[in-house]
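Enquirer: This is the structure I want to talk about, given as structure tokens.
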């Protein structure tokens, strides 16, 4: 049985028309997503901006419900947010009034873990992400990469089965990103979590994923799912220069090209239609 | 007053950095910080003596300090100080107890906020002092009306800042906490409340300054003790040095009050990256 099973999932939103009056009808963010993710699999989802990637993640997290279809985890429909899924956000979402340790303990407390075990686990997971000795730092005293390490540790510490990652490395500089990518692979191999990783970077998607799901823009659909036959990535010195890597990368790039153009056309149309600044404009590399 | 407040906030912050440096640097900083005050004091002392201004209107600083000392020794100053500080602290305290919980409620429940916003807008734009005659009419000329006025004046900054603090918590933090399965109550106590503390404190500091402002005005209108009364009374009797002594005392209280609140704020928001910005 699949760990996660999307069964013809669609999501529509009621939108206000751009002139600001009444209902502007419906906006379909996702249409007929049908996809299985296996236990322990690393799936990356790549798509142009505004393709509903984040909506997909919200659905998985249980923060919203699908309009039609259903999502099953271990064969049961998602009832709401729960600690069997951990989320890592692009903007870290660390609580600024808590130290690195405090942030990790926050998730543990939510799970009802107290006392010695709590302290012990927080220390253990800080070590896992290579941040031993930074227990008492506040988020503003940490670099972007370190913050994201804390966020990853926080999500892993309460031991979810599934790790959901929403463009977690997009705000980091190139070097930090590569380091964290290879560390994530190491952690994945170590912890055997099922990971759903959303990104707009093709390189990242190919490097990390065992499979890459390519999404279309508006409405978001799964255009193709590509198997990545590259083995032992964590050991490979420079996987990105492998000719096979280049071939797959190009294949996905071709799949995405039209979608990106369409997405950009939408964006231009949107920005001329309304002054409502879309803070989330990203480009596909 | 406003500039005076700022000059107090800064030393405490920079002094911390200076403590690591050499004693000479420290002395230099101390000099830099006190030179303007000393200069002002010197001008105040010298100008009346040259006859450029009427001594009866602006006595030299030394005379004012002498009058201040006399008031202090006679115990008169303490009586006025006590009357004022009790009024302002009780008004301020009551405002805290009322406005913070109320603000948390209004900020948290959208419906309540929509219901109450028009009334809040109306009241906060009503100058507190305009209501003094009303309070005096209903509550009499005693302590109750003065304290009520201070409660009224202090409540608005605290209330409005608390509401906006709760409303403007980073939605991502809420999302993150929700994804961990926190229920509404836990979400409120563990995320909303700590996240809005800095904004609430801004309101508390504003209220602190406001409490003294309104107090003095109230005491000038109708009171038998208090620093506002002292100033007014001294002016009526042409005791200008005593009048200035009263004014200096109020400035001092303002400084101390603000200093205390800043220290408290720093303790509660130690996690914040920069304390200088607000």
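Enquirer: Going by the conditions given, is residue A:168 touching a strand residue (DSSP E or B) at 6+ places or on another chain (Cβ under 8 Å) and touching a residue at least 40 places away in the same chain (Cβ under 8 Å)?
Expert: yes
Enquirer: Can you give me the number of residues within the stretch A:74-91 that are within 14 Å of another protein chain (Cβ to nearest Cβ) and part of a strand (DSSP E or B)?
Expert: Number of matching residues: 4.
Enquirer: For the stretch A:109-138, which positions are within 24 Å of residue B:192 (Cβ to Cβ) and either buried (at least 22 other Cβ atoms within 10 Å of the Cβ) or in contact with a strand residue (DSSP E or B) (Cβ under 8 Å, 6 or more places away or on another chain) (or both)?
Expert: Result: A:122, single match.
Enquirer: Does residue A:96 satisfy being touching a residue at least 40 places away in the same chain (Cβ under 8 Å), in contact with a helix residue (DSSP H, G or I) (Cβ under 8 Å, 6 or more places away or on another chain), away from chain B (no Cβ under 14 Å) and not in a strand (DSSP E or B)?
Expert: Answer is no for this residue.
Enquirer: Which residues, taken from the stretch B:66-77, are in contact (Cβ under 8 Å) with a residue 40 or more places away in the chain and closer than 11 Å to residue B:241 by Cβ?
Expert: Within the stretch B:66-77, B:66, B:67, B:68, B:71 qualify.
Quick grid of which residues meet (1) out of contact with any helix residue (DSSP H, G or I) (no Cβ under 9 Å at 6 or more places or on another chain); (2) part of a helix (DSSP H, G or I); (3) within 30 Å of residue B:190 (Cα to Cα); (4) not assigned by TED's automatic domain parsing to the domain that holds residue B:257:
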| site | (1), (2), (3), (4) |
| --- | --- |
| B:32 | yes, yes, no, yes |
| B:64 | no, yes, no, no |
| B:72 | no, yes, no, no |
| B:77 | no, yes, no, no |
| B:91 | no, yes, yes, no |
| B:98 | no, yes, yes, no |
| B:104 | no, yes, yes, no |
| B:111 | yes, yes, yes, no |
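Enquirer: Go over the candidates A:113, A:104 one by one and state the one that is within 14 Å of chain B (Cβ to nearest Cβ), over 24 Å from residue B:269 (Cα atoms) and touching a helix residue (DSSP H, G or I) at 6+ places or on another chain (Cβ under 8 Å).
Expert: A:113
Enquirer: Which one of these does residue A:69 not meet: (1) within 23 Å of residue A:131 (Cα to Cα); (2) more than 12 Å from chain B (Cβ to nearest Cβ); (3) in contact with a strand residue (DSSP E or B) (Cβ under 8 Å, 6 or more places away or on another chain)?
Expert: (1)
Enquirer: Further, regarding this structure: Within the stretch A:29-63, can you find the residues that are in a loop (DSSP other than H, G, I, E, B) and out of contact with any strand residue (DSSP E or B) (no Cβ under 7 Å at 6 or more places or on another chain)?
Expert: Correct list: A:38, A:48, A:49, A:50, A:62, A:63.
Enquirer: Further question on the same structure: Run residue A:36 past the list (1) without any contact (Cβ under 8 Å) to a residue 60 or more places away in the chain; (2) within 14 Å of chain B (Cβ to nearest Cβ) and report the number of the one that doesn't hold.
Expert: The number of the failed condition is (2).
Enquirer: Pick from the stretch B:161-204 the residues that are over 29 Å from residue A:80 (Cβ atoms) and surrounded by fewer than 20 Cβ atoms within 10 Å (Cβ to Cβ): which of them is farthest from the other protein chains (Cβ to nearest Cβ)?
Expert: Looking at residues that are over 29 Å from residue A:80 (Cβ atoms) and surrounded by fewer than 20 Cβ atoms within 10 Å (Cβ to Cβ), I get B:164.
Enquirer: Restricting attention to the stretch A:99-124, which residues are outside any helix (DSSP H, G or I) and under 23 Å from the mean Cα position of the chain (by Cα)?
Expert: Correct list: A:111 only.
Enquirer: Restrict the check to the stretch A:176-183 and report whether at least one residue is surrounded by 18 or more Cβ atoms within 10 Å (Cβ to Cβ), part of a loop (DSSP other than H, G, I, E, B) and in contact with a helix residue (DSSP H, G or I) (Cβ under 9 Å, 6 or more places away or on another chain).
Expert: No, the stretch A:176-183 contains no residue that is surrounded by 18 or more Cβ atoms within 10 Å (Cβ to Cβ), part of a loop (DSSP other than H, G, I, E, B) and in contact with a helix residue (DSSP H, G or I) (Cβ under 9 Å, 6 or more places away or on another chain).
Matching residues to (1) within 10 Å of chain B (Cβ to nearest Cβ); (2) at pLDDT 85 or above; (3) assigned to a helix (DSSP H, G or I):
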residue: A:126; (1), (2), (3): no, yes, yes
residue: A:134; (1), (2), (3): no, yes, no
residue: A:140; (1), (2), (3): yes, yes, yes
residue: A:146; (1), (2), (3): no, yes, yes
residue: A:149; (1), (2), (3): no, yes, yes
residue: A:152; (1), (2), (3): no, yes, yes
residue: A:156; (1), (2), (3): no, yes, yes
residue: A:159; (1), (2), (3): no, yes, no
residue: A:163; (1), (2), (3): no, yes, no
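The values are calculated or read from the model by the stated rules, or taken from the named source; none is laboratory data. Not measured: the values here are computed from a predicted model. Positions of Cβ are backbone-derived with ideal geometry, glycine not excepted, and every protein chain shown enters the neighbour counts.
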